[in-house]
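The values are calculated or read from the model by the stated rules, or taken from the named source; none is laboratory data. No experiment lies behind these values; they were computed from the predicted model shown. Using ideal geometry, Cβ is built from the backbone for each residue, glycine included, and neighbour counts are taken over all protein chains shown.
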Amino acid sequence: MSLKPKVALSQDFLIQLSKLPSNVHSKVMKWAIQFQSDPTSPGINYENINSARDSNLKSVRLDRDWRGIVFKPSSGDVYVLLYVDHHDDAYRWAENRRLSINPVTGAMQLVVIERQAEPEAPPLQDRPKLAPPSPPAAVAAPPVYATLSDRELVSLGVPEELLSEVREICGEQELDTLQPRLPVEAYEGLFLVAAGDSVSQVLSERETRVDKKVDTSDFAAALATPESQARFVVVNDDESMMAIMNAPLEQWRVFLHPTQHKLASGDRSGPVRILGGAGTGKTVLAMHRAKWLAESRTPAGKKVLFTTFTRNLASDIEQNLRTLCGPSTMEKLEVRNLDSWVHGFMRSRKLEHRIVYGRRDDPARQAWQKALAVRDTKLELTEEFYEQELEQVVLAQGITTLEEYKVARRTGRAGVLSRSKREAVWPVFEEYRGQLASRKLKEVDDAYREVAALLADSQADGQYSAIVVDETQDLGPQALKLLRALIAPGPNDLFFVGDGHQRIYSRNRAAMSRCGIDIRGRARKLYLNYRTTDEIRRQAVALLEGCEVDDLDEGHDEVRRYRSLSHGPTPEVLTVKGLEGAAAAATRFIKELRAEWSGESAPSVCVIAATEKQREALASQLQGAGLNGVTISAESNHADARDVVHFATMHRAKGLEFDAVVVVAPDDFLGVPEETVNQRKLLYVALTRAKRAALLIRLK
Ligand SMILES: Nc1ncnc2c1ncn2[C@@H]1O[C@H](COP(=O)(O)OP(=O)(O)OP(=O)(O)O)[C@@H](O)[C@H]1O
């Protein structure tokens with residue numbers, strides 16, 4: 001029995017497919033499907049490309065004008081659809097490209113060679129490190145990678161063909177210029193080294209082994225590496241081929257970053273925590289992980305729980321999971337925001353309490369006012385003090401008795417509170433809980449705590465095979481403890497993704513290790529921003545300068561190491577007086593953008609405001625200027641709405657993305673960094689929702 005040859009598609013092929021006119025698109029689809037079923041068919045005529053650097057690249061005729069470029073090595077049974085274009089363009093594309101195998105990582109890399117071939121070099125291991133060349137007199141910055149050996153650079157993913165160009169890089173800008181020609185892992189490795197990491201740190205964090213013997217002619221083996229799968233996908237049947245080709249731009253479903261790939265599958269001995277700045281593919285990874293867990297580690301009768309903080313985000317994720325997973329996998333997945341899960345659990349146990357999320361509205365407001373009425377006025381503590389003490393100490397730590405309160409840690413709270421003062425303060429909190437109870441209400445943190453206790457008492461775990469958590473930064477200590485109680489400790493139990501820069505519910509600062517979640521040895525990071533242009537990312541990061549950011553545990557995180565893959569205009573920052581001025585600026589920006597992008601399908605745009613009131617006012621003014629809008633609510637993101645402007649509060653925009661955003665920021669959000677950390681984080685979240693363009697309006 002002869003085995004069917006391996007057929008793969010490249011990322012470039014799919015991107016190109018998405019740009020083809022529809023009559024050519026269907027022709028290419030038909031051809032590609034035939035090709036997939038038998039690339040050795042005598043009907044396929046592989047023509048040599050005389051000027052090609054790589055003799056394994058062949059041209060295949062699709063019709064009089066169009067050509068496919070295919071990789072067909074002289075030995076081995078691997079065929080890769082690399083590109084499609086008009087005859088001359090396709091040939092030009094193929095001329096200076098080479099598909100080779102990285103001799104250290106074993107990954108397949110498509111390299112664009114712009115320079116003349118260099119003289120034959122000795123094998124990697126024999127090559128000495130280059131002494132740092134003495135810089136030319138006029139050049140200030142020395143080459144960044146001069147002290148690394150060739151082998152070290154290649155182990156980061158740098159193709160041998162680009163070594164000399166990498167060696168000449170003297171700064172960030174030059175690295176960014178070379179980025180489109182570098183494999184994603186090489187670009188990432190290089191900027192991490194430039195930021196201060198050692199090569200071995202980079203390799204060990206990304207779990208890349210460099211001690212294997214690599215056969216640089218075995219393309220079938222090379223295709224199996226996570227690095228190769230970041231840009232090539234093997235297709236085994238018509239069905240999967242069609243699914244991929246019908247949504248060529250849904251790259252996240254097919255091509256994972258090597259780190260996403262490694263973390264999405266395979267067993268982990270306990271809780272995992274993934275950090276990553278905005279847009280680094282944390283949700284994508286979480287979805288792939290949930291899929292793998294559901295398909296590979298979930299016995300009949302159990303499910304994977306995928307949870308997050310906000311309701312509209314959970315429904316967004318569920319929709320995306322439906323495009324990633326078949327019905328049988330979806331049956332093993334439960335996607336719910338944590339509050340809705342708790343609500344459901346309480347109802348199933350006939351617990352009648354309603355959950356309250358704040359004290360602004362009745363009846364919780366009345367309960368809080370009654371509680372404040374019992375305070376000891378001699379202490380001269382403000383209402384704000386009591387409220388913050390309640391949220392950040394009493395509720396967050398699940399303190400239910402004066403004895404516990406007397407010895408509680410008050411991390412993050414200003415000023416020392418003596419035991420005697422604590423005794424005098426405590427009755428307010430006790431009264432509040434009593435007032436809530438008489439109204440059949442419960443604070444959300446108390447609900448988490450009590451449900452966790454019920455689970456522990458009833459040994460009711462066992463319904464979930466694993467739990468995947470998105471937006472972990474917004475879950476406080478009691479929420480984390482509840483998640484811990486929901487599943488027995490063991491392999492693959494908990495998988496968290498999050499970003500301390502995006503904590504927008506500041507009361508929910510938690511350290512995982514203090515909630516029974518031990519991530520030691522299982523903490524990883526994603527560094528590449530797939531969503532936002534680097535110009536927008538930098539603008540957003542600049543807002544957080546001087547703000548302390550945690551790593552969801554007891555350490556710190558920093559933004560220096562993150563980078564974006566795309567570039568665009570630097571976001572405009574305007575200062576205007578009043579909402580009318582903001583609405584006028586937003587209208588102009590959106591209309592100009594629509595005119596500029598008129599050749600493309602309607603861009604998605606979101607106007608993001610700090611409060612519901614401002615959001616409503618802006619929506620009505622833009623409506624008056626002829627821009628129809630929809631409001632993003634807890635129930636719906638209106639993701640399918642076309643030709644409308646979306647309106648959201650900063651809290652509601654979390655986790656979403658749009659081609660462009662207009663962020664309307666009250667000017668006091670940008671006060672002294674230490675005093676406006678929470679507001680600045682909201683702005684960071686809002687601005688990083690943009691993929692290509694952003695306008696930041698400072699509202700005086
Ligand atoms: N491997 C990938 N290839 C291509 N696109 C990707 C990949 N991973 C993520 N993306 C895209 O990048 C964007 C951001 O991804 P995602 O929402 O998962 O990031 P995130 O880290 O969860 O963002 P945030 O924290 O800002 O909400 C999405 O458009 C997603 O489709």
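A few remarks follow.
- Pair list, Cβ < 8 Å and 6+ apart or interchain, from the range 654-673 residues that are aromatic (Phe, Trp, Tyr) to residues that are outside any loop (DSSP other than H, G, I, E, B) and within 11 Å of the ligand (Cβ to nearest atom): 658/690; 658/691
- Every pair of residues 6+ apart whose Cβ atoms lie under 9 Å, when the first sits in the range 38-61 and is in contact (Cβ under 8 Å) with a residue 60 or more places away in the chain while the second is part of a loop (DSSP other than H, G, I, E, B) and small (Gly, Ala, Ser): 53/117
- Selection status of residue 462, within 30 Å of residue 331 (Cβ to Cβ) and surrounded by fewer than 15 Cβ atoms within 10 Å (Cβ to Cβ): yes
- Scan of the range 395-438 for residues that are in a loop (DSSP other than H, G, I, E, B) and in contact (Cβ under 8 Å) with a residue 60 or more places away in the chain, ordered by number: 396, 397, 398, 412
- Within the range 490-502, residues that are part of a strand (DSSP E or B) reach partners that are of a type in the set (Ser, Thr, Tyr) and within 16 Å of the ligand (Cβ to nearest atom) with beta carbons closer than 9 Å, at six or more positions or on different chains, in the pairs 496/472; 497/283; 497/472; 498/472.
- Flag: residue 203 matches the condition of being in contact (Cβ under 8 Å) with a residue 12 or more places away in the chain and not in a loop (DSSP other than H, G, I, E, B).
- Within the range 640-662, restricting attention to residues that are among the aliphatic types (A, V, I, L, M) and more than 11 Å from the ligand (Cβ to nearest atom), the residue that is farthest from residue 592 (Cα to Cα) is 650.
- Every listed requirement among (1) in contact with an Asp or Glu (Cβ under 6 Å, 6 or more places away or on another chain); (2) within 16 Å of the ligand (Cβ to nearest atom) is met by residue 232 save one, (1).
- Residue within the range 426-447 that is closer than 24 Å to residue 515 by Cβ and exposed (fewer than 15 other Cβ atoms within 10 Å of the Cβ) present: no
- Any hit, the range 673-689, residues being part of a helix (DSSP H, G or I) and basic (Lys, Arg): yes
- Any hit, the range 509-523, residues being within 16 Å of the ligand (Cβ to nearest atom), buried (at least 24 other Cβ atoms within 10 Å of the Cβ), within 23 Å of the chain's Cα centre (by Cα) and closer than 24 Å to residue 313 by Cβ: no
- Conditions (1) surrounded by fewer than 22 Cβ atoms within 10 Å (Cβ to Cβ); (2) over 23 Å from residue 581 (Cα atoms): number failed by residue 630: (2)
- Of the helices (runs of 4 or more DSSP H) lying entirely inside the range 237-354, the ones with 3 or more residues being at pLDDT below 95 and closer than 29 Å to residue 447 by Cα are found at 311-324, 338-348.
- The requirement of being within 30 Å of residue 562 (Cβ to Cβ), more than 16 Å from the ligand (Cβ to nearest atom) and not in a strand (DSSP E or B) is satisfied by residue 392.
- Residue in the range 462-474 that is free of Cβ contacts under 8 Å to residues at least 60 places away in the same chain and in a loop (DSSP other than H, G, I, E, B) present: no
- The range 478-508: number of residues that are within 16 Å of the ligand (Cβ to nearest atom) and either within 14 Å of residue 468 (Cα to Cα) or β-branched (Val, Ile, Thr) (or both): 5
- Residue tally, condition under 21 Å from residue 654 (Cα atoms) and more than 16 Å from the ligand (Cβ to nearest atom), over the range 285-333: 1
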